[in-house]
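The values are calculated or read from the model by the stated rules, or taken from the named source; none is laboratory data. No experiment lies behind these values; they were computed from the predicted model shown. Here the Cβ positions follow ideal geometry from the backbone for every residue, glycine too, while neighbour counts run over all protein chains shown.
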Amino acid sequence: MNLVSVKKGLVTKKFNQFFYVDIIENGTNLEYKRFLCKSRKNITYQQKYILVGDKVILSEINYRDKTAVIETLLERKNFINRPAVANISDIYIIHSVEHPKLSYSQLSDFLINAESLNVNVSLILTKSDLIPLEQHSYLFEKFKAWGYEPAILSLISNDQLKNLKYELKTKKCSIFMGPSGVGKTTLLNKIIPNIKRATSAVSNKIKRGINTTRNIELFQLSRESYIVDTPGFNIINNYIKPKDIALLFPEFKNQIMLNGVRCKFRDCLHIDEPGCNLNKKFERYKFYKNLIRDSKNLCHQTQAN
């Protein structure tokens with residue numbers, strides 16, 4: 001039996017009371033060093049149990065049987081509750097342009113929640129073959145005004161995936177997020193060799209997809225990059241303090257962070273305050289005001305209780 005000292009690892013899959021963990025050496029994750037692990041009892045980080053994507057310390061490493069024990073859960077950069085994943089570097093919001101039809105309000109919800117995690121956020125629009133070519137340009141310019149330059153892809157062709165595959169290999173840990181039926185699993189099947197995840201047609205009755213992915217797992221794209229395969233899920237609107245909401249909108253964030261625009265008062269919410277210098281002439285400003293209102297109401301309810 002070849003037992004060695006402790007090593008740092010990355011949790012790539014969780015099932016029952018077991019975990020698959022890739023050992024990290026010199027900052028590189030090596031797939032052939034994937035171990036089946038159990039953890040010491042009651043290991044948590046800030047009251048959160050071990051998640052896929054967590055960095056951990058392993059002991060009792062047995063290279064012959066590929067087993068080890070998780071001793072310590074290391075500090076997280078971020079985490080998502082649904083799906084339960086830690087240490088995401090990049091979020092790709094996936095929405096279809098048709099079948100199911102693109103919902104601007106739902107898409108904005110996904111983008112805002114993704115931005116709140118303080119990671120890189122990108123937008124992918126799928127099923128582009130279902131709309132006329134001239135509409136591609138319209139959608140690109142529309143979302144460019146939102147602060148995103150979407151990749152507009154067809155799910156029946158591989159021609160447009162080369163750039164996306166290359167980009168994903170430059171990221172640490174990427175995740176596809178979006179409602180069911182928009183093509184997340186189909187994209188993963190094209191990006192990850194031999195994954196062959198089951199896909200399901202969109203229901204004609206409810207006009208949305210049926211979840212086909214059951215477990216959360218990290219798949220290695222290069223020596224230092226992973227992508228998350230997750231179950232379908234519904235967006236959860238996390239509470240965001242009113243003063244933090246503006247920086248979740250690239251329309252405002254770019255003015256503040258890139259152009260150095262400052263308002264008269266530091267606590268300006270950019271609604272109707274005197275001395276507010278931000279340009280509010282953008283499409284999602286009404287959505288922004290509604291979000292501020294909802295956040296204030298939730299704050300008042302919390303204080304009252």
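Going residue by residue through segment 148-165, is there one that turns out to be surrounded by 18 or more Cβ atoms within 10 Å (Cβ to Cβ), in contact with a strand residue (DSSP E or B) (Cβ under 9 Å, 6 or more places away or on another chain), of a type in the set (Val, Ile, Thr) and in contact (Cβ under 8 Å) with a residue 12 or more places away in the chain? Yes, segment 148-165 contains at least one residue that is surrounded by 18 or more Cβ atoms within 10 Å (Cβ to Cβ), in contact with a strand residue (DSSP E or B) (Cβ under 9 Å, 6 or more places away or on another chain), of a type in the set (Val, Ile, Thr) and in contact (Cβ under 8 Å) with a residue 12 or more places away in the chain. Evaluated against (1) closer than 17 Å to Leu187 by Cβ; (2) at pLDDT below 95; (3) polar (S, T, N, Q), Ser122 falls short on exactly one condition, (2). The residue that is nearest to Lys172 (Cα to Cα), counting only those in segment 74-89 that are small (Gly, Ala, Ser) and at pLDDT 90 or above, is Ser89. Tell me, which residue of segment 260-281 that is under 22 Å from Gly147 (Cα atoms) and basic (Lys, Arg) is surrounded by the most Cβ atoms within 10 Å (Cβ to Cβ)? In this case the residue turns out to be Lys280. Filter segment 168-188 down to residues that are of a type in the set (Ser, Thr, Tyr) and under 15 Å from the mean Cα position of the chain (by Cα) and give me whichever is modelled with the highest pLDDT. Once the filter is applied, the top-ranked residue is Ser174.
Consider segment 65-101 and keep the residues that are buried (at least 18 other Cβ atoms within 10 Å of the Cβ) and of a type in the set (S, T, N, Q). The one that is nearest to Ile50 (Cα to Cα) is Asn87. Residue check: Asp229 meets all listed conditions (1) farther than 19 Å from Leu123 by Cα; (2) at pLDDT below 90 but one, namely (1). The number of residues in segment 68-111 that are of a type outside the set (Ser, Thr, Tyr), in contact (Cβ under 8 Å) with a residue 40 or more places away in the chain, outside any strand (DSSP E or B) and in contact with a helix residue (DSSP H, G or I) (Cβ under 7 Å, 6 or more places away or on another chain) comes to 2. Out of all the residues in segment 189-197, is one or more at pLDDT 85 or above, closer than 30 Å to Tyr285 by Cβ and of a type outside the set (Asp, Glu)? No, because not a single residue in segment 189-197 is at pLDDT 85 or above, closer than 30 Å to Tyr285 by Cβ and of a type outside the set (Asp, Glu). In the set (1) more than 18 Å from Leu221 (Cβ to Cβ); (2) modelled with pLDDT of 90 or more; (3) surrounded by 13 or more Cβ atoms within 10 Å (Cβ to Cβ), the condition left unmet by Leu10 is number (1).
Return the residues of segment 112-136 that are free of Cβ contacts under 8 Å to residues at least 40 places away in the same chain and either part of a helix (DSSP H, G or I) or touching a Lys or Arg at 6+ places or on another chain (Cβ under 8 Å) (or both); say none if nothing qualifies. Walk me through it before giving the result.
First, pick out the residues of segment 112-136 that are free of Cβ contacts under 8 Å to residues at least 40 places away in the same chain: 117, 121-123, 125, 128-136.
Ser128, Asp129, Leu130, Leu133, Glu134, Gln135, His136, listed by residue number.
Of all residues in segment 51-67, those satisfying the criterion of being within 21 Å of Met177 (Cα to Cα) and either assigned by TED's automatic domain parsing to the domain that holds Lys169 or in a loop (DSSP other than H, G, I, E, B) (or both) are Leu51, Gly53, Asp54.
Select from segment 249-305 the residues that are under 17 Å from Tyr239 (Cβ atoms) and hydroxyl-bearing (Ser, Thr, Tyr) and write down the one among them that is modelled with the highest pLDDT. Looking at residues that are under 17 Å from Tyr239 (Cβ atoms) and hydroxyl-bearing (Ser, Thr, Tyr), I get Tyr288.
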